[in-house]
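K.L.:
Please see the structure below; I have some questions.
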Amino acid sequence: QVQLVESGGGLVQAGESLRLSCAASGRIVSINAMGWYRQAPGKQRELVARVISGGSTNYADSVKGRFTISRDNAKNTVYLQMSSLKPEDTAVYYCNARLRGGGSTYYTEYWGQGTQVTVSS
C-alpha cells in the first residue's frame, strides 16, 4: 500500500520561510509527478507547485519567485521551499503524487494527510 507522509508545517511570521517534505513509501514502480496543493478555509483546493518526471515544474502565479519545488527521485521525496511567506499563504498543504504501484498497470493519484501552514502578520 502506498502512503504519502508530509512534514514541515507550522506557524511563522510574514516574511519568514518554511520547508515542507513529502515522502512516498510502499510498493512503488514509477512516479510520474509529485506536487503540492493547498486549501484555505472556505476556498477550493488549488495547485501550488508540481514537478513531473524529467524535472519540469509549474507554479501557481501567486507563489512564483517565492516557492521552489524539488524532488529527490532516489528517496521518492518532494520538497517545497517557501520563502517570503505571506498571511494569504495560510492553508492546509497537501502532498500529491501520480504513481504506479506494484502490481498495477496504470497510474493513480495519491494524497497525503495534509500539514497546516499558518503565517501571521
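K.L.:
When the Debye formula is applied to the Cα atoms of segment 26-121, each taken as the same point scatterer, what base-10 log of I(q)/I(0) results at q = 0.13, 0.17 Å⁻¹?
P.N.:
These q points yield log10 I(q)/I(0) values of -0.46, -0.75.
K.L.:
Next question, about the same structure. So with the 1.4 Å probe, I'd like the accessible area per residue for the chain, rounded to whole Å².
P.N.:
53 Å²
K.L.:
Now for a separate question. Please enumerate, by chain and number, the aspartates and glutamates with C-alpha under 20 Å from the C-alpha of K75, excluding those fewer than 8 residues away in the same chain.
P.N.:
Correct list for K75: E6, E109.
K.L.:
Take every Cα pair under 8 Å in segment 21-81 that's 6+ residues apart, average their separations, divide by the length, and report that relative contact order as a whole percent.
P.N.:
Normalised by residue count, the contact order of segment 21-81 is 35 percent.
K.L.:
With all protein chains present, how much of the accessible area of segment 1-106 (probe radius 1.4 Å) comes from carbon and sulfur, to the nearest whole percent?
P.N.:
Carbon-and-sulfur percentage of accessible area, whole number: 44.
K.L.:
Sort 78-90, 37-49 by the packing proxy (mean of other Cβ within 10 Å over each peptide's residues), most packed first.
P.N.:
In decreasing order of mean packing, 78-90, 37-49 become 78-90, 37-49.
The values are calculated or read from the model by the stated rules, or taken from the named source; none is laboratory data. In this text the structure is predicted, and so the values were computed from the model without any measurement. Positions of Cβ are backbone-derived with ideal geometry, glycine not excepted, and every protein chain shown enters the neighbour counts. Quick note on the areas: whole protein, heavy atoms, side chains included, nothing else; ligands and nucleic acids left out. Shrake-Rupley method; radii C 1.70, N 1.55, O 1.52, S 1.80 Å.
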